[in-house]
Structure formats: C-alpha cells, structure tokens
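J.: The structure under discussion is supplied below as structure tokens; questions concerning it will follow.
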Amino acid sequence: MIIPFLIEPNLKDTIWCNQVCSGIEIAIAERGYDAFPLDGKAYQSFDYKAFFKGEPPLLLLFGTSPSWLLPAIQFFFQNDIGIILLGKSPLDATELRGQITFNFEKSILQLLDYLASCNCNKTALYGVFQNSTS
C-alpha cells in the first residue's frame with residue numbers, strides 16, 4: 001500500500017519539516033507501506049482517482065499556515081478525500097478523518113533542559129510565528 005502525504009510548500013525545505021517527514025517515512029516503512037510525497041504547489045491538478053484505484057482515498061497533510069491549509073482541507077473535503085492532519089487544524093475537525101498534534105509543552109521543556117545543560121540558565125525570548133496554527 002502506498003500512503004500519500006502532502007507538505008505545505010513553505011515548510012518543505014525547513015530542517016524541522018525534513019525531520020518530521022523523515023520520521024513519517026520511517027514509521028510508514030516499518031509497517032510495510034511506501035510513502036509517496038505529493039507536490040504542495042500542484043496538489044489540485046494531481047489525478048487522485050487514478051492514484052487510489054479503489055483504495056480508500058486518504059492522505060496525510062502537513063502544514064501550519066492557515067492561508068495554505070484552509071484551501072487544501074476544503075479541496076480534499078469537497079473531493080471526498082480523507083485527511084489525517086499532522087498539526088493543529090484552523091477549521092472544525094469535522095472536515096478531517098484524523099489529527100496528529102505535537103506535544104508543544106514537552107518540546108519546550110526539553111529545549112529548556114537542553115539549554116540548561118549547555119549552561120544557558122536564562123531564556124530571553126521565545127517567538128511565535130504569527131501565521132501558524134501552532
């Protein structure tokens with residue numbers, strides 16, 4: 001079975017995204033499946049009917065910007081393609097088949113522990129990307 005996944009174009013070349021996607025591909029391979037990345041810029045022109053060929057139309061979607069996620073989620077919902085979203089949804093979850101979120105609190109605590117182990121005991125600033133669902 002081939003599991004397609006779609007990545008928001010703005011995230012595609014980031015270190016964070018590459019690490020997340022590498023983990024996804026490893027997890028998919030460990031279960032005996034193949035991962036198939038879709039082009040985030042051209043997802044609307046992809047031939048999903050030919051790709052799924054009678055299989056349940058379901059894909060993984062990875063993005064953080066509402067300006068990209070909203071049209072993508074609506075496109076797949078209107079075309080009866082199920083979505084498992086990796087991240088936080090800017091929409092009502094009824095348009096999703098599933099959602100995998102990240103443990104941000106644990107991640108921040110791990111980061112603080114790492115900084116403390118490097119003798120950085122004072123954190124001056126944490127920023128939040130304003131165009132992110134996270």
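The values are calculated or read from the model by the stated rules, or taken from the named source; none is laboratory data. What you are looking at is a predicted structure, and each value in this text was computed from that prediction instead of being measured. Ideal geometry is used to build each Cβ from the backbone, glycine not excepted, and the neighbour counts take in all protein chains shown. All accessible areas refer to the heavy atoms of the entire protein, side chains included, with ligands and DNA or RNA removed. Shrake-Rupley method; radii C 1.70, N 1.55, O 1.52, S 1.80 Å.
J.: For the stretch 9-53, how many residues are under 25 Å from Pro66 (Cα atoms) and among the β-branched types (Val, Ile, Thr)? If you could, list the steps in order and put the result at the bottom.
T.: First pass over the stretch 9-53, keeping only residues under 25 Å from Pro66 (Cα atoms): 9-25, 35-48.
Next, only the ones that are among the β-branched types (Val, Ile, Thr) stay: 14-15, 20, 24.
Selection size over the stretch 9-53: 4.
J.: Same structure, new question: If Phe62 passes every condition in (1) at pLDDT below 90; (2) out of contact with any Phe, Trp or Tyr (no Cβ under 7 Å at 6 or more places or on another chain); (3) open to solvent by less than 40 Å² (accessible area, probe 1.4 Å) but one, which one does it miss?
T.: Condition (2) is where Phe62 drops out.
Rundown of residues vs (1) free of Cβ contacts under 8 Å to residues at least 60 places away in the same chain; (2) not in a loop (DSSP other than H, G, I, E, B), yes/no style:
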| position | (1), (2) |
| --- | --- |
| Asp13 | yes, no |
| Gln19 | yes, yes |
| Lys49 | yes, yes |
| Glu55 | yes, no |
| Ser67 | no, yes |
| Phe76 | yes, yes |
| Ile83 | yes, yes |
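J.: Tell me which of these Lys12 doesn't satisfy, since it passes every other one: (1) closer than 20 Å to Phe76 by Cβ; (2) under 12 Å from the mean Cα position of the chain (by Cα); (3) open to solvent by less than 60 Å² (accessible area, probe 1.4 Å).
T.: (3)
J.: Within the stretch 25-47, work out how many residues are among the small types (Gly, Ala, Ser) and not in a loop (DSSP other than H, G, I, E, B).
T.: The qualifying residues number 4.
J.: Determine which member of the set Asp47, Asp34, Asp39 is of a type in the set (Asp, Glu), open to solvent by 30 Å² or more (accessible area, probe 1.4 Å), farther than 17 Å from Gly87 by Cβ and in contact with a helix residue (DSSP H, G or I) (Cβ under 8 Å, 6 or more places away or on another chain).
T.: The unique qualifying residue is Asp34.
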